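All remarks here apply to the structure that follows.
The values are calculated or read from the model by the stated rules, or taken from the named source; none is laboratory data. For clarity, every value in this text was computed on a predicted model and none was experimentally measured. Note that we place each Cβ from the backbone using ideal geometry, even for glycine, and neighbour counts take in every protein chain shown. Only protein heavy atoms, including side chains, enter the accessible area calculation; ligands, DNA and RNA are left aside. Shrake-Rupley method; radii C 1.70, N 1.55, O 1.52, S 1.80 Å.
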Amino acid sequence: MNLLSTKEGSTHKPYRQILSILPENIRDLLLRLPVQFMDRLEEIRLRQNRPLIVTHTAGDVCLDSSGQLTSNPGDAYVITGDDMQRVIRMVSNSSLYAIEEELKNGFVTLPGGHRVGLTGKAVIELGKVKTLKYISGFNIRISREIKGTAAPILPSLLDRWGRVKHTLILSPPGCGKTTLLRDLVRLVSNGVPELNFDGVTVGLVDERSELAGCYRGVPQRDIGIRTDVLDGCPKAEGMMMLLRAMSPQIVATDEIGKQEDIKALEEVINAGVTVISTVHGTSLEEIMRRPALKYLLSLNVIERFVILSRSKGVGTVEDIIYGSSWGTQEVRR
Amino acid sequence: MIRIAGAVLVIACTGYLGMAKARKYALRPRELRNMQAALQILETEIIYGATPLPEAMEVVASRVDKNTAPLFYQAGQELESMTVCTVKEAWDQALNAFSSRTLLEDSDLRVLRQLGNCLGMSDSRDQAKHLHLAMEQLKIEAMNAAERAKTHVKLWNYLGFLTGLLLVTVFY
């Protein structure tokens with residue numbers, strides 16, 4: 001079902017793709033909001049029998065039944081069971097049985113790379129979550145692709161022979177790590193003629209389907225022409241699979257932190273393949289407190305740390321730290 | 001002469017009406033069996049293929065008897081369309097259109113309508129249960145229909161002609 005076609009123009013208004021999965025009454029409410037507001041929309045939260053809440057860059061706000069923003073939850077439009085049924089049917093393409101695997105992970109990726117997180121009652125089998133039923137909560141995240149964010153920092157990530165260095169991007173959640181990583185992957189995969197940088201083969205492990213936004217295995221985001229994506233694959237396993245099968249020159253993955261991720265990362269580095277990854281955290285000192293990451297830093301292999309914040313809007317590059325010296329070099333303040 | 005022609009015409013008409021009625025009784029068991037087969041294909045698509053429902057409907061439509069196919073074809077089309085309706089609404093709409101051109105009776109259609117409540121909206125094990133239930137109910141309907149066909153087909157075949165004959169003898 002070609003529900004959310006990525007036509008020309010619609011890419012500029014990512015929220016339009018989302019609207020088509022919402023029931024008419026809710027869609028109408030959202031369409032009455034000013035365009036400037038919709039452009040900053042980040043999430044639409046639907047919880048059964050509770051108010052309709054939309055999240056934008058500066059916080060969240062309820063919507064009342066005439067489509068006005070209201071801070072008083074008592075006035076807000078309350079999501080009905082019927083609304084939920086309609087959204088479930090659109091999200092699952094009328095087939096909950098076909099997305100059991102996705103339900104187990106708690107999210108579904110829509111065409112266009114938007115993610116819908118779901119909650120409900122977990123069905124347990126042999127001590128593990130088998131699927132969800134009685135779905136009663138949606139978090140529809142509007143995914144925006146911002147191209148060009150990585151261009152200013154790419155020069156500082158290259159060595160003098162034009163090879164990409166082992167890089168770790170770190171920031172608190174919501175500062176644009178994933179967006180930056182995606183754009184970086186796109187750049188190194190396509191190549192940047194201005195920097196005399198030829199494109200290289202990139203292996204991307206996209207455990208949470210956020211980087212490439214795959215829909216049925218096909219990337220919906222621009223991640224470059226030389227990028228192979230393993231969608232929904234556990235990071236550690238995925239990195240090994242790519243290493244064995246796809247001969248990447250760079251392996252990229254999102255949000256490392258578990259012991260096995262670090263082990264796999266070490267393996268990749270030892271194989272002579274460059275690693276680009278992200279990690280939650282505000283500073284090197286802070287991530288040093290996490291044992292797995294402390295181990296990674298003690299290996300002294302990561303050559304560049306890019307630190308992001310929201311100080312001047314999402315995706316502000318605060319600092320790029322050179323791994324060998326740990327000295328700081330200010331870029332693009 | 002005209003009298004004789006009129007008498008023949010009356011007998012032919014009532015005979016034809018009787019046979020048409022008998023035909024309905026004769027064909028209903030077959031339609032019910034076809035519907036069961038269709039649900040069987042749908043189950044296979046859902047359980048083993050994990051095919052999304054709109055696609056599964058079209059597969060069923062392409063593989064079943066031409067009298068049964070329209071229901072699944074239309075349901076598939078409704079689901080494919082961009083409108084944000086529920087599966088139940090799409091299925092009901094298809095059933096309503098289907099009911100006017102099928103020999104299936106209200107009790108049969110009720111079984112199918114009930115199936116629409118849960119189609120697509122649960123995990124595969126649950127889907128299988130509901131589909132089996134519907135097939136089982138249709139099977140019982142088919143058995144009853146076959147039983148009734150045995151007596152009613154003959155009855156209506158004769159009854160038509162005999163009514164004509166009666167009319168003729170009374171008014172001749």
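So here's what we get for this one:
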read-out: Cα gyration tensor, region A:154-329 - rounded (a/c under 1.5), prolate or oblate; value: rounded
read-out: Most fluctuating residue given options A:GLY113, A:GLY174, A:GLY224, as computed from a GNM of chain A linking Cα atoms under 10 Å; value: A:GLY174
read-out: Under 13 Å, Cβ to Cβ, from B:VAL60 - net charge with Lys/Arg +1 and Asp/Glu -1; value: -3
read-out: Principal-axis tilt of helix A:235-245 within chain A, Cα atoms, nearest 10 degrees; value: 60 degrees
read-out: Accessible area buried, both sides summed, chains A and B with 1.4 Å probe, Å²; value: 1800 Å²
read-out: Relative contact order of region B:1-138, pairs being alpha-carbon contacts under 8 Å that are 6 or more residues apart, as %; value: 25 percent
read-out: Cα gyration tensor shape for region B:47-103, rounded if a/c is under 1.5, else prolate or oblate; value: oblate
read-out: Dipole moment magnitude, nearest 20 debye, chain A about Cα centre, only Lys, Arg, Asp, Glu C-beta charged; value: 220 debye
read-out: Which of A:ARG144, A:ARG244 is most accessible, then next, and so on - probe 1.4 Å; value: A:ARG244, A:ARG144
read-out: Computed log₁₀ I(q)/I(0) - Debye formula, equal Cα scatterers, no solvent, the protein assembly as shown, q 0.09 Å⁻¹; value: -0.76
read-out: Gyration tensor verdict on region A:183-278 (Cα atoms; rounded if a/c is under 1.5, prolate if a/b is larger than b/c, oblate otherwise); value: oblate
read-out: Rounded accessible area per residue of chain A, 1.4 Å, Å²; value: 45 Å²
read-out: Given charges at Cβ of Lys, Arg, Asp, Glu: region B:57-172 dipole, positive-most of B:GLN137, B:LEU115, B:ALA69; value: B:GLN137
read-out: Highest-MSF residue in chain A out of A:ILE146, A:ILE302, A:ILE88 [GNM, Cα springs under 10 Å]; value: A:ILE146
read-out: Computed P(r) (all Cα pairs; region A:105-233; 10 Å bins; percent); value: 12, 37, 30, 14, 6, 1
read-out: Reduction of at least 10 Å² in accessible surface, 1.4 Å probe, comparing all protein chains with the chain by itself, residues of region B:72-121; value: B:LEU79, B:GLU80, B:MET82, B:THR83, B:VAL84, B:CYS85, B:THR86, B:VAL87, B:GLU89, B:GLY120, B:MET121
read-out: Under the Debye formula (equal points on every Cα, no solvent term), log10 I(q)/I(0) of region A:92-176 at q = 0.15, 0.21, 0.23, 0.24 Å⁻¹; value: -0.74, -1.00, -1.12, -1.18
read-out: Rounded to 5, the percent of DSSP beta bridges in region A:154-329 classed as antiparallel; value: 35 percent
read-out: Debye intensity ratio I(q)/I(0), log10, region B:37-172, q values 0.12 Å⁻¹ (C-alpha model); value: -0.54
read-out: For A:ARG186, net neighbour charge (Lys/Arg +1, Asp/Glu -1) across residues whose Cβ lies under 11 Å away; value: +1
read-out: Environment charge of A:VAL91, counting only residues whose C-beta is closer than 13 Å and scoring Lys/Arg +1, Asp/Glu -1; value: +2
read-out: Selected from A:PRO248, A:PRO291, A:PRO111 as most flexible by GNM, with chain A as the system and alpha-carbon contacts under 10 Å; value: A:PRO291
